[in-house]
Amino acid sequence: MGSINPETAARYSGPAPSHDGGSTGALMDGIYRHQRHIYDATRKFYLLGRDHLIVRLDPPQGGSVLEIGCGTGRNMLAAGRRYPYARFCGIDISEAMLKTAATNIARAGEVGRIRIAAADAADFDTNTLFGVPAFDRVVFSYTLSMIPPWREALAVGLAHLKPGGRAHIVDFGQQERLPAAFRGLLFAWLKGFHVTPRADLREALEEAAGEEAEVSFAPLYRGYAWYGEVSSQSGER
Ligand SMILES: C[S@@+](CC[C@H](N)C(=O)[O-])C[C@H]1O[C@@H](n2cnc3c(N)ncnc32)[C@H](O)[C@@H]1O
């Protein structure tokens, strides 16, 4: 992987060292090489719940937000407009997506406040990538359904939360209150993009949170999407 866009200071550190020797990055690049050009225009119709997550995010003054699997940067840019006092870091395994993100960030004049780096969600360290060891908010938006070792990614993401911080997760639900035929068609179509909605997402959040954090969980749009939050304890007793 080469550099992304010399115009932007968004930190992009070359190939993401990945848990599988690079095959996930190559797979994602294959999916997104052309899709990235129409990604934001098309995904707004079916990656539902992302704006709900952004409203709920509410970082503290001067707070920091990490998005894992940030794609084109769409969420960080939208959240950046809503919370002009917060700073954002995003990681993604796809060079193609990061190229688009870097262009979008530069175009929005957000270089410096929104930074990106290539990394594998299952194994990364933001202190090395950005010089920021922990965040007030961590975001997984339609990412866990695409990551085979998604439980590891969840654990690594939660490990990057500051005490008192909160993780926000939105992804495909099980379509539990929608017609079965719709579910069948949607899941078959998603398979083509290597997307597997996680039926045990809620249990995984509860398990990853352990006794040290609280989980809230709710279906959105009749179960089309699932939304969860994991709030870590403040450390003050
Ligand atoms: C469906 S897109 C979601 C992008 C963005 N979060 C959004 O809500 O628009 C999933 C993103 O996860 C990234 N991704 C998949 N596997 C990953 C991994 N192991 N590590 C980091 N990013 C990964 C893909 O490259 C892609 O950009």
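The values are calculated or read from the model by the stated rules, or taken from the named source; none is laboratory data. The shown structure was predicted, so the numbers you read here are calculated from the model rather than taken from an experiment. FYI the Cβ positions are ideal-geometry reconstructions off the backbone, even for glycines, and counts take in every protein chain you see.
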**Asked** Consider Glu152 against the criteria (1) assigned to a helix (DSSP H, G or I); (2) crowded, with 18+ Cβ neighbours inside 10 Å: it satisfies all of them except one. Which criterion is unmet?
**Response** (2)
**Request:** Determine, yes or no, whether Thr72 is among the β-branched types (Val, Ile, Thr) and surrounded by fewer than 22 Cβ atoms within 10 Å (Cβ to Cβ).
**Result:** no
**Message:** Restricting to segment 34-64, name every residue that is surrounded by fewer than 16 Cβ atoms within 10 Å (Cβ to Cβ) and part of a loop (DSSP other than H, G, I, E, B).
**Reply:** His37, Ile38, Lys44, Phe45, Tyr46, Asp58, Pro60, Gln61, Gly62
**Item:** Where a residue in segment 136-147 is more than 16 Å from Leu158 (Cα to Cα) and its partner, wherever it lies, is modelled with pLDDT under 95 and surrounded by 22 or more Cβ atoms within 10 Å (Cβ to Cβ), with Cβ under 8 Å and at least six apart
**Value:** Met146/Met28
**Request:** May I ask you to list the residues in segment 99-149 that are more than 8 Å from the ligand (Cβ to nearest atom), assigned to a helix (DSSP H, G or I), farther than 17 Å from Tyr85 by Cα and aliphatic (A, V, I, L, M)?
**Result:** Ala101, Ala102, Ala106, Leu129, Leu144
**Message:** Pull out all pairs, ordered by first then second residue, where Cβ-Cβ is under 6 Å, the residues are six or more apart or on different chains, the first lies in segment 208-237 and is under 25 Å from Phe187 (Cα atoms), and the second is of a type in the set (A, V, I, L, M, F, W, C) and modelled with pLDDT under 95.
**Reply:** Tyr221/Leu48; Tyr224/Leu48; Ala225/Leu48
**Message:** Kindly evaluate Arg222 against the criterion of being surrounded by fewer than 19 Cβ atoms within 10 Å (Cβ to Cβ) and among the basic types (Lys, Arg).
**Reply:** yes
**Complete:** Residue count, segment 70-98, condition more than 13 Å from the chain's Cα centre (by Cα), outside any helix (DSSP H, G or I) and among the hydrophobic types (A, V, I, L, M, F, W, C), comes to 1
**Prompt:** So which of Ala180, Ala209, Ala188 is touching a strand residue (DSSP E or B) at 6+ places or on another chain (Cβ under 6 Å), more than 16 Å from the ligand (Cβ to nearest atom) and of a type in the set (A, V, I, L, M, F, W, C)?
**Reply:** Ala209
**Request:** Could you tell me whether any residue of segment 186-203 is surrounded by 14 or more Cβ atoms within 10 Å (Cβ to Cβ) and either among the small types (Gly, Ala, Ser) or under 28 Å from Gly62 (Cα atoms) (or both)?
**Result:** no
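Which residues, taken from segment 198-237, are within 13 Å of Arg151 (Cα to Cα) and small (Gly, Ala, Ser)? Give the derivation first.
First, the residues of segment 198-237 that are within 13 Å of Arg151 (Cα to Cα): 198-209.
Result: Ala199, Ala204, Ala208, Ala209.
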**Request:** Scan segment 90-107 and give yes if some residue there is at pLDDT 95 or above, under 13 Å from Arg137 (Cβ atoms) and crowded, with 24+ Cβ neighbours inside 10 Å, otherwise no.
**Result:** yes
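Condition check ((1) of a type in the set (Lys, Arg); (2) within 18 Å of Asp120 (Cα to Cα); (3) out of contact with any strand residue (DSSP E or B) (no Cβ under 9 Å at 6 or more places or on another chain); (4) away from the ligand (no atom under 13 Å from the Cβ)) across all residues:
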residue: Leu66; (1), (2), (3), (4): no, yes, no, no
residue: Tyr83; (1), (2), (3), (4): no, no, no, yes
residue: Arg87; (1), (2), (3), (4): yes, no, no, yes
residue: Gly90; (1), (2), (3), (4): no, yes, no, no
residue: Glu95; (1), (2), (3), (4): no, yes, no, no
